[in-house]
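Below is one structure, written out as structure tokens; comments come after it.
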Amino acid sequence: MRKYLILVAIGLTAIACAPKGENVTTTVIPAEYKSDNLANMERVQEFLHSTGCYFLATVDGDQPQVRPFGTAEIIEGKLYIQTGHVKNVAKQIAANPKVAICAYNGSQWLRVTATLVEDPRVEIKKAMLDANPSLRSMYNENDDNTAVYFLTDAKATISSFTDAPIEINF
């Protein structure tokens, strides 16, 4: 329980320290965006998969919000996460796409800051749901609820109490 409280505190701190009052707009075209460091992206995805659950922090007005997530898939050279448009998290991302992610694997923790970009393409939603078939009971690539986002401007740090932090950008 203590490790999860630490993760929540880290996530809240990261998102609470984000610039306030900025109106964030993103003009990234999903089909054209490519990360310049796939190996780093894969390292972050592997860490997230190893934990089974990570925490995504957003902002609701001036209040940080943190919740558990599980999806993290590399599709077309981009790291994607998934949620539903009806959820508050999707509304918060629409208002401010800057997010923080925090995960803990028992000996190291990962912190990521990034800007999310929604990708409305059906084939990307299908790939995400095919990679996470348990979500098919709630989502369908052809519905208006399924939302997939990829990370841009991602800066990650893997830390522990014993080793120097590892900085990862993608």
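The values are calculated or read from the model by the stated rules, or taken from the named source; none is laboratory data. Predicted model only: the values in this text are computed from it and were never measured. When we count neighbours, we look across all protein chains shown, and the Cβ atoms used for this are built from the backbone with ideal geometry, even at glycine.
Here are some notes:
- Exactly one residue out of GLU46, GLU73 is under 19 Å from ILE168 (Cβ atoms), of a type outside the set (Gly, Ala, Ser), loosely packed, with under 14 Cβ neighbours inside 10 Å and modelled with pLDDT of 90 or more, and it is GLU46.
- Which numbered condition VAL112 misses (of (1) over 22 Å from VAL66 (Cα atoms); (2) at pLDDT 95 or above): (1)
- Residue pairs meeting the criteria (Cβ under 7 Å; at least 6 apart or on separate chains; first within 18 Å of PHE69 (Cα to Cα), in segment 135-154; second surrounded by 15 or more Cβ atoms within 10 Å (Cβ to Cβ) and of a type in the set (Lys, Arg)): THR146/LYS125; VAL148/LYS125; PHE150/LYS78
- The lone exception for LYS155 - which of (1) assigned to a strand (DSSP E or B); (2) more than 17 Å from ILE29 (Cα to Cα); (3) in contact with a helix residue (DSSP H, G or I) (Cβ under 9 Å, 6 or more places away or on another chain) it fails: (3)
- Scanning segment 86-108 for residues that are part of a strand (DSSP E or B) and of a type in the set (A, V, I, L, M, F, W, C) gives VAL99, ALA100, ILE101, CYS102, ALA103.
Each row is one residue, and each column tells you yes or no for (1) in a strand (DSSP E or B); (2) in contact with a strand residue (DSSP E or B) (Cβ under 6 Å, 6 or more places away or on another chain); (3) under 21 Å from PRO165 (Cβ atoms).
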position	(1), (2), (3)
VAL28	no, yes, no
LEU79	yes, yes, yes
LEU110	yes, yes, yes
LYS126	no, no, no
ARG136	no, no, no
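- Just so you know, in segment 112-124 the residues that are surrounded by fewer than 22 Cβ atoms within 10 Å (Cβ to Cβ) and among the charged types (D, E, K, R) include one that is nearest to TYR54 (Cα to Cα), and it is GLU118.
- When segment 50-88 is filtered for residues that are out of contact with any Phe, Trp or Tyr (no Cβ under 7 Å at 6 or more places or on another chain) and of a type in the set (Asp, Glu), the ones remaining, listed by number, are ASP60, ASP62, GLU76.
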